[in-house]
Structures are given as C-alpha cells and as structure tokens.
Amino acid sequence: MILVTGATGTVGREVVRRLPAGPAVRIMARDPGRVPSAAHRAEVVRGDFTDPASLAGALKGVSSVFLVSSHIGDDDARFLETARTAGVRHVVKLSAAAVADSGAQDLITRWQRRNEDLLRACALEWTLLRPRSFMSNALSWAASIRSDGVVRALHGASANSCVDPRDIAEVAVRALTEEGHTGQVHTLTGPQAVTAVEQTAVLAELLGRPLRCEELDPQQARTVLRKRYPPLVVEALLESAQRQREGAKARVVRAIPVLLGRPAGSFRGWAKDHLAAFAGG
C-alpha cells in the first residue's frame, strides 16, 4: 500500500491523480473533507503529524510513503519513527533544492536539511525530491493581475529555474512505483530560469492585455508576507529571495528529461493551463 501525505497541497493532489490503478492507495489528511474528488479510489484517513496514534493508524499496512511536511518543528521525526515501527519500507520525501546550497542558511532550508538527515538515519529506504520554486507560486499574483494588471514582486529581475508541480508529482509517482530510485536525490527544475519580469510578459501575451511588474522593496515584501506567514518564516523567505538575487537559483538541472523521457514543462505551458485564474470572470 502507498500512503500519500499532503494530498490537499499543490504537489500531493497531483500525485494522487497520477498514481496508476493497481497499488492500494491511502491518503492521510488532517481534514479528510478537503481531499480532492480525484482521490475517489483511495482510502482516506484522518492523520495529524502531532498525533502519534493517528499516524500509527494511517501507516498500518503501508509499504511506501510520499512524505510532505510543511510546519517547522518535529513532524518528520515523529512520522519517521512511527513509519519505522509500522514496517514501512520506502519513503519518498519532498524536500527543496536549496538544501544542496551551502550558502543557504535560512530557517526553512536548515529545517529541510535536518529532515533529510533524519530520513537517511532512520533505516528506511529513501528517495529525496529537491525541487526549485513551484511555477504555481505565480498564482499569488492572480488577484492583483485581475484587479490592477500588476505583478508585485521582490527582486523582479532575478532568475529562478522554477518547476511545474505536475512534473514533481510525476517523478514522485515513478519513485513510488518503479525500481531504481532508492538512495537517489532528484533535483528538479524547469527547462530555463525565468524572472518575474519575464513571467509577467508571458502572462500579458497569453491574456492579450498589458501587465506591468512592480518591484517591491524588502520592507514592502515583508509587510505583504506577514499577512500570510509567521515572522520567522517571513525572514527566512526574504533571505531566500536575496540568494535568488545573487544568482543561486538559476541553475537548470536535466533530471526531469532523464527521468520522464520528455522535456520539463515550461512556465508558458503551465500558465496556459492555469490562465483562467489570472483572467477572472
């Protein structure tokens, strides 16, 4: 049986959609009511990373796990210990490309590094997925594009080799269902590094109307981010953005073409498929 965590999130829901018929699938969710309808063939159970009893129930009879954790703390340690006790064989962990950058020392990256170390040390087979930023992060601009025709971004001219979450999910499914991924680290990027200015131009072309990219200074970005994240996370995101400004996130890796036998999805392709979000009513 395959257990999918994070099935209500950006990558997890795409993993659920792509899992082939055959292996039994169980979804662990804190709120089972939020699990997408595409998961109709899967068993859905309530599970919370902070509740060891619920983890034990979710992991019973499971052989492989897609592990997504999002709260900085001890969730991974608790989950992995329960998984080991339950007899899980293989964990496919969603991590981050910044882990491999020795210059990245922000809170989020250090937490991801610690989680990777825990996985390697827990006597389970493992596969690490290290994506760059998700192309879907552009959805945070949708409201301002619809209302004002504006993309507001910090360091708008800095490049990021962002990746289509659907590609991440497809690699995750391969790792969960095929041999040959144990002990592998897959760094996942898009086919080219793009800037917010360039993404704005692509969206303008697809929408058929002018858009402009408005540069935020760090304090303006801090104010915007604090509406969504705790202060320590905000500072970590600002540190990460500075690393991008310095060019640390522009490198393209060809793992997706090698693993999937096709080119990695482009931002233009992702934007075409999600254009309704930017066009509004």
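Just so you know, all these numbers are worked out from the coordinates, no wet-lab data involved. Small disclaimer: the values here were computed from a predicted structure and weren't measured. Methodologically, a virtual Cβ is constructed for each residue, glycine included, from the backbone with ideal geometry; neighbour enumeration extends over all protein chains shown.
When a/c reaches 1.5 or more, the comparison of a/b and b/c decides; with that in mind, is the range 1-157 rounded, prolate or oblate per its Cα gyration tensor? Here the range 1-157 falls in the oblate category. Farthest towards the positive end of the charge dipole of the range 62-111, among the residues L107, H71, T85, is the Cα of T85, using unit charges on the Cβ of Lys, Arg, Asp and Glu. Residues whose amide H falls under 5 Å from that of T195, counting only those 5 or more places apart or on a different chain, are N160, with hydrogens built in the peptide plane.
Here the range 218-281 and the range 128-149 have alpha carbon centers that stand 6 Å from each other.
In order along the range 122-129, the Karplus-derived 3J(HN,Hα) couplings, from 6.51 cos²θ - 1.76 cosθ + 1.60 at θ = phi - 60°, round to 9, 6, 9, 5, 9, 9, 10, 10 Hz, and Gly and Pro are given as x.
Between the listed residues A221, A201, G280, the Cα displaced farthest toward the positive end of the dipole of the chain, a dipole computed from Cβ unit charges relative to the Cα centre, is found at G280.
Each Lys and Arg Cβ is given +1 and each Asp and Glu Cβ -1; about its Cα centre, the range 13-162 then shows a dipole of about 400 debye. Full extension of the chain between E198 and A279 gives 27.4 nm of extra length, using 0.36 nm per residue less the Cα-Cα distance. Excluding A159 itself, what net charge comes from residues whose Cβ is under 10 Å from its Cβ, given Lys and Arg +1 and Asp and Glu -1? With Lys, Arg at +1 and Asp, Glu at -1, the neighbours total +2.
Report the antiparallel proportion of the DSSP beta bridges in the chain as a percent, rounded to a multiple of 5. Antiparallel bridges: around 5 percent, rounded to the nearest 5.
3J(HN,Hα) along the range 90-103, derived from phi through the Karplus expression 6.51 cos²θ - 1.76 cosθ + 1.60 where θ = phi - 60°, amounts to 9, 10, 9, 9, 7, 10, 7, 4, 4, 4, 7, 9, 4, x Hz, with x in place of Gly and Pro.
When you restrict to C-alpha pairs under 8 Å that are six or more residues apart and normalise by the size of the range 123-281, the relative contact order lands at 36 percent. Long hydrophobic helices in the chain, taken as whole DSSP H segments with a C-alpha length of 15 Å or more on their own axis and mean Kyte-Doolittle hydropathy at least 1.0: 196-207.
Taking amide H atoms as placed 1.01 Å from N in the peptide plane, the amide H of S133 lies under 5 Å from those of V163, each 5 or more residues away in sequence or on another chain.
Compared with the alpha-carbon gap, the fully stretched path from L139 to A24 is longer by 38.1 nm at 0.36 nm per residue. Which lysines have a Cα lying under 26 Å from the Cα of K249, excluding residues fewer than 8 positions away in the same chain? In chain and number order, the partners are K93, K227, K272.
Values of log10 I(q)/I(0) for the chain across q = 0.14 Å⁻¹ run -1.07, by the Debye formula with one identical scatterer at each alpha carbon and no solvent.
Between the amide H of T127 and those of V91, V92, K93, G183, distances stay under 5 Å, these residues lying 5 or more places away or on another chain, with hydrogens modeled in the peptide plane. Across the range 261-274, computed HN-Hα scalar couplings (Karplus, 6.51 cos²θ - 1.76 cosθ + 1.60, θ = phi - 60°) run x, 7, x, 5, x, 8, 5, 4, x, 4, 5, 4, 6, 10 Hz from first to last residue, x flagging Gly and Pro.
Each residue, Q184 and R146, gets one label point 7 Å from its Cα in the Cβ direction; the gap between the two is 4.0 nm.
Taking label points 7 Å from Cα along the Cα-to-Cβ direction, A77 and R251 give a separation of 3.0 nm.
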